[in-house]
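Derivation of every value follows stated rules applied to the coordinates shown; laboratory data play no part. Treat the numbers as computed from the prediction; the structure is a model and nothing was measured. Every residue, glycine as well, gets a Cβ built from its backbone with ideal geometry; the counts of neighbours run over all protein chains shown.
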Amino acid sequence: MSAPATTRVRVTAADLDARLRAHFAPLDSLVVRDDSAAHAGHAGAASGGHFTVVIRAPAFAGKARLARHRLVYDALKDLMDSGIHALAIDADEGQANAQQP
């Protein structure tokens with residue numbers, strides 16, 4: 001028996017921004033860029049958008065890069081399954097929690 005088809009929805013940078021702000025509040029900074037236009041015509045472009053996320057939040061303090069990426073993917077899971085084809089992530093702890101040299 002095959003899995004049911006996932007319905008694709010048009011996901012916007014504003015959708016990702018709102019979801020990440022709610023999930024990781026408080027945030028030090030968040031930038032979400034829609035890179036989809038740069039990928040128009042490539043085979044995966046029809047299966048969802050291409051986005052870049054740069055996020056700084058205390059929730060990432062003390063976590064390895066893989067763990068930080070998993071937290072972002074978990075926050076966006078339903079969007080990853082239905083409207084995001086590619087996601088570049090730059091996630092780190094917020095400046096308020098950064099270690100002083």
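For ALA91, the residues 5 or more places off, or on other chains, whose built amide H falls under 5 Å of its own are ILE55. Remark: segment 66-74, residue by residue, has Karplus-estimated 3J(HN,Hα) of 4, 5, 5, 5, 4, 4, 5, 4, 4 Hz, where x stands for each Gly or Pro and the curve is 6.51 cos²θ - 1.76 cosθ + 1.60 at θ = phi - 60°. Starting from the Cα of LYS77, step 7 Å along the direction of its Cβ; do the same at ARG21; then give the gap between the two resulting points in nm. Going from the LYS77 label point to the ARG21 one covers 2.4 nm.
3J(HN,Hα) along segment 78-90: 5, 6, 5, 6, 10, x, 10, 8, 9, 9, 9, 10, 10 Hz, from the Karplus curve 6.51 cos²θ - 1.76 cosθ + 1.60 with θ = phi - 60°, whole Hz, x for Gly and Pro.
Here, segment 13-94 yields an orientationally averaged convex hull projection of 5.0 nm² when only Cα atoms define the hull.
This ranking places ILE89, ILE55 by how few other beta-carbon atoms lie within 10 Å of each, fewest first, which gives ILE89, ILE55.
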